[in-house]
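S.K.: Input: one structure, supplied below.
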Amino acid sequence: MTKQDVQTDQIILEAARKVFQRSGFGGARMQEIADEAGINKASLHYYYRSKNKLFQTVFREDIQLFLVPLVGILRDPSLSLEVRIRTFVGSYIKTLTENPGLPLFIMQELSSNPGRLISLLEQNVPGIGDRYDEASAERPDGEHGVRETMFLGVFIRQIRHGMESGELNKVDPEQYILSMISMCVFPFVGRPMIRLLLGKDEQEYRDFLMDRESEIIEYLLRVLFKDYGSRHAVS
């Protein structure tokens, strides 16, 4: 590809991203994407012969930006539980603040065509759908135990071990992780409604979301760690 081709390709991808996030895959039209990119439809088809190919390329880029770094945080065995939670929430909020249209776009596509999106996730996020086949199967760390996704396995086992040692309160690890993700994503998915209810303009809501990061982390750690309140008490 020439330098001009690379630049045009990036312009097309950014235009397509805006259109897909605005209209969804089903509602997007190649002519609309060409108009957004400032090129004619023939030029668009020179670079991308189909809307599906363009969608796959845009989604693959978004996954690399959005999910792959989070996967690393969830699966890194060197992170302590508290650091894992703080890092995950901070990275999630930062990424969504910089890409506010992304979560709603993903939710819309999951609703309209879940098979296509799940297939793309499985192709681009290694291990996201892998499971241990049997409850008694040996896991990579040499332990045996209940079925769990390899994607969340490190995080789940860390919580279970903490409960067994008495350091953590009793929680359902899967429910806890789902609550953590939901607390991060809902302020972005429900952005118009929440702005209306709270009476905030765009800048005020952006500031609110930055404060939301510390609120989520504080809540999650207090729920999970038995001694968190005493360790962080103001003297």
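S.K.: For all pairs of alpha-carbon atoms in the chain, what percent lies in each bin of width 10 Å, listed from the first bin to the last filled one?
M.R.: It works out to 7, 25, 29, 23, 12, 4, 0, in whole percents.
S.K.: A further question on this structure: Could the peptides 70-81, 50-61 be put in order, highest first, of the mean number of other beta-carbon atoms found within 10 Å of their residues?
M.R.: Sorting 70-81, 50-61 by mean packing, highest first, produces 50-61, 70-81.
S.K.: If packing is taken as the average count of other Cβ atoms within 10 Å, what order do 23-31, 201-209 fall into, highest mean first?
M.R.: Output ranking for 23-31, 201-209: 23-31, 201-209.
S.K.: Starting from 0.36 nm per residue, how many nanometres of slack lie between Val6 and Lys226 once their C-alpha separation is accounted for?
M.R.: Full extension from Val6 to Lys226 adds 73.9 nm.
S.K.: Can I ask one more? At a Förster distance of 22 Å, what's the computed FRET efficiency of Arg22 paired with Val68, Cβ-Cβ distance as r, to 0.05?
M.R.: 0.35
S.K.: Another question, if that's okay. Ordered by residue, what ³J(HN,Hα) values in Hz, to whole numbers, does region 46-52 give under the Karplus form 6.51 cos²θ - 1.76 cosθ + 1.60, where θ = phi - 60° and Gly and Pro are x?
M.R.: Rounded to whole hertz, the list is 5, 8, 9, 6, 9, 5, 5.
S.K.: Please state the relative contact order of the chain as a whole percent: Cα pairs under 8 Å, 6+ residues apart?
M.R.: Reported as a whole number, the value is 18 percent.
S.K.: Reachable lysines from Lys18, Cα under 19 Å, same-chain residues fewer than 8 places away excluded?
M.R.: Those lysines meeting the cut-off are Lys41, Lys51, Lys53.
S.K.: Under a point spin-label approximation (7 Å from Cα along Cα-to-Cβ), what is the Ile194-Ser111 distance to one decimal in nm?
M.R.: So the two model labels end up 1.7 nm from each other.
S.K.: In whole Hz and in residue order, list the ³J(HN,Hα) couplings for region 83-95 that follow from phi through the Karplus curve 6.51 cos²θ - 1.76 cosθ + 1.60, θ = phi - 60°; x for Gly and Pro.
M.R.: 5, 4, 5, 4, 5, 4, 4, x, 5, 4, 4, 4, 5
FYI, it's all coordinate maths here, none of it is from the lab. None of the values given here were measured: they were computed from a predicted structure. With ideal geometry, Cβ positions are generated from the backbone for all residues, glycine too; neighbour counts draw on all protein chains shown.
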